[in-house]
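No value in this document is a laboratory result; all are computed from the given coordinates. As the structure is a computational prediction, the values presented were derived from the model and not from experiment. In this analysis, Cβ positions are derived from the backbone assuming ideal geometry, glycine residues included, and neighbour counts consider all displayed protein chains.
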Amino acid sequence: MAEDKDGSPDFKVVDRRSFSADGSKRPEAPLAEQEAEAPTTSARSTARQVRPEAKDYSEAESSGFDTLVSYLSTTAMFQLGLIPGPSGERVPVDFPNARRTIDLLEVLRQKTQGNLTGDESQLLEEVLYHLRMSFVELQKRQARKGK
């Protein structure tokens, strides 16, 4: 625990629960008293250095749905060997997991039907179409190589 030069702790633990241990309602603390209990500026800046504030992605992204579809489609393309691995190496095709990922996108389409904007719905339909066509084409290629 961090302590000042005089031996007192750098922070104070305050019980802010609405009810006491016996179940009775506690009186509200006056605003001035609550502000006095707030951590000092140095403690706040130290906390931010240890754990930075969470970034708000809502401004940078059009929606979380687009990100989710993008993530799943990229995963499926990786599993189909359509995009290289992290080091640029060729990745072998993984049909079972690619199928599962495409099926997850289909489940997402079914569960969100009627709740998407026109752009979101079109994005999901196009991604599913292209992934399915790629999946079938790669299976056909593998079958020809096997003969």
Practice problem: Using amide H atoms built 1.01 Å from N in the peptide plane, name the residues 5+ places from GLY81, or on other chains, whose amide H lies under 5 Å from its own. | Solution: ASP94
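Using a Förster distance of 25 Å, how high is the FRET efficiency between LYS145 and ARG100, based on the Cβ-Cβ distance and rounded to 0.05?
E(calc), rounded to 0.05, equals 0.60.
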Quiz item: Could you give the nm distance between label points at ARG17 and THR112, where each point is 7 Å from its Cα heading toward the beta carbon?
Solution: 4.1
Quiz item: Once both labels are modelled 7 Å past Cα along the beta-carbon direction, what's the LEU68-LEU138 spacing in nm?
Solution: 2.4
Quiz prompt | Calculated Rg and Dmax of the stretch 64-146 using C-alpha coordinates, Å | solution = 13.7, 44
Quiz item: In nanometres, what is the gap between the two model label sites at ILE83 and LYS25, each 7 Å from Cα along Cα-to-Cβ?
Solution: 5.5
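Order these by the 10 Å Cβ neighbour count, fewest first: ASP22, ASP94.
With the fewest neighbours first, ASP22, ASP94 line up as ASP22, ASP94.
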Self-check item: Where trypsin sites (Lys or Arg not before Pro) fall in DSSP loop in the stretch 61-118, at most 14 other Cβ within 10 Å
Solution: ARG90
